[in-house]
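Notes follow once the structure below has been shown.
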Amino acid sequence: MTQQERIDDLKTRLSEFMIRIEELEPEDTSVEDIDHLISMLEELENKMNK
């Protein structure tokens with residue numbers, strides 16, 4: 001994967017993450033939802049460090 005492809009992939013994943021954050025309703029958010037968001041962030045971080 002080229003550097004540009006990695007950047008594009010990270011942009012897409014970050015955009016998906018932001019959409020999920022914006023769609024969350026605080027009253028309806030569970031611990032599992034937060035865990036999933038943390039996992040998404042960790043995955044993004046790992047991708048950036050490659």
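May I ask you to list pairs of residues, at least six apart or on different chains, whose Cβ atoms are under 8 Å apart, with the first in the range 2-29 being within 15 Å of residue 41 (Cβ to Cβ) and the second being acidic (Asp, Glu) and surrounded by 10 or more Cβ atoms within 10 Å (Cβ to Cβ)?
Listed by first residue and then by second, the contacts come to 13/43; 24/33.
Tell me, yes or no, whether the range 14-30 has at least one residue that is in a helix (DSSP H, G or I) and hydroxyl-bearing (Ser, Thr, Tyr).
Taking every residue of the range 14-30 in turn, at least one turns out to be in a helix (DSSP H, G or I) and hydroxyl-bearing (Ser, Thr, Tyr).
Given the structure, is residue 5 under 8 Å from the mean Cα position of the chain (by Cα), of a type in the set (D, E, K, R) and surrounded by fewer than 13 Cβ atoms within 10 Å (Cβ to Cβ)?
When the stated conditions are applied, residue 5 does not pass them.
Going through the range 31-50 one residue at a time, which ones are of a type in the set (S, T, N, Q) and outside any helix (DSSP H, G or I)?
Hit for the range 31-50 is 49, nothing else.
Every number in this text was worked out from the coordinates using simple rules, so none of it is lab data. Keep in mind it's a predicted model, so treat the numbers as computed, not measured. Every residue, glycine as well, gets a Cβ built from its backbone with ideal geometry; the counts of neighbours run over all protein chains shown.
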